[in-house]
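For reference, the structure is listed below as structure tokens.
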Amino acid sequence: MARIDDLLAALDERRIATAVSVPHDEARIRYRLRSNTVSSYGEYGAVLADYYNHHFTACVAHGGRLTPADARQLALGILEREYRRRGGDRIQAYNDAQEGLNGALRTQLDHICESLKADATERYIQEIFDQYVAPVSWDDRVEIIRQFIQRCGPNLSSAVDRDHPERYAQNHHELIRSYVEGLRRTSSIFRRL
């Protein structure tokens, strides 16, 4: 039982906040917008690229930078997914930034931050699983996954097959994504700034 306790201790909300959330939130806070709106699509792309590179440098690559074109495309991809989730698209995102609607650029940069934070949280949790779910014994992996599902059930989506932990013992990415989504819904580490 000690391994599951060690795994869950490593996944404590405060540890995730310290390792992941706080650095991402601080990167977002440090970025200063000159204006919450833009006057052209070129300016819009430049602001998104600049912010993405600022955040990427601070929290993901720790000093590394992307080309402006790559940073712009990654930022636009995040915003497009967010707007599509709400029935909109990339054009609506630009219009919001140009016209100052729906929080304009400030809210869009928040969306980019939250997406990067969720990705980092998933990588952090994957690393914890890799440390505590050793590939040595199949039965041990199934047992620790079973215990994880049992203990963390409320944070997992209904799509997780709780009766078949062996499904996640070999490849626990789906289980981790479900756990991260549960944290996004219930945890203060994903609360807005």
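The values are calculated or read from the model by the stated rules, or taken from the named source; none is laboratory data. A quick note: this is a predicted structure, and the numbers were derived from the prediction, not measured. Positions of Cβ are backbone-derived with ideal geometry, glycine not excepted, and every protein chain shown enters the neighbour counts.
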| Looking only at segment 89-134, and only at residues there that are among the charged types (D, E, K, R), farther than 26 Å from Ile144 by Cα and touching a residue at least 24 places away in the same chain (Cβ under 8 Å), the one that is surrounded by the most Cβ atoms within 10 Å (Cβ to Cβ) | Lys117
| remark: Considering residues that are modelled with pLDDT of 95 or more, of a type in the set (D, E, K, R) and surrounded by fewer than 15 Cβ atoms within 10 Å (Cβ to Cβ), the number found within segment 64-88 is 3
| message | If I filter segment 1-45 down to residues being modelled with pLDDT under 90 and either of a type in the set (Phe, Trp, Tyr) or not in a helix (DSSP H, G or I) (or both), which single residue comes out as farthest from Gln98 (Cα to Cα)? | response | Met1
| query | How many residues does segment 22-40 contain that are within 18 Å of Ser115 (Cβ to Cβ) and in contact with a Lys or Arg (Cβ under 6 Å, 6 or more places away or on another chain)? | reply | 1
| task | Restricting attention to segment 45-71, report how many residues are more than 18 Å from the chain's Cα centre (by Cα) and not hydrophobic (A, V, I, L, M, F, W, C). | result | 8
| message | All but one of (1) within 24 Å of Asp5 (Cβ to Cβ); (2) buried (at least 20 other Cβ atoms within 10 Å of the Cβ); (3) without any contact (Cβ under 8 Å) to a residue 40 or more places away in the chain hold for Glu174; state the number of the condition that does not hold. | response | (2)
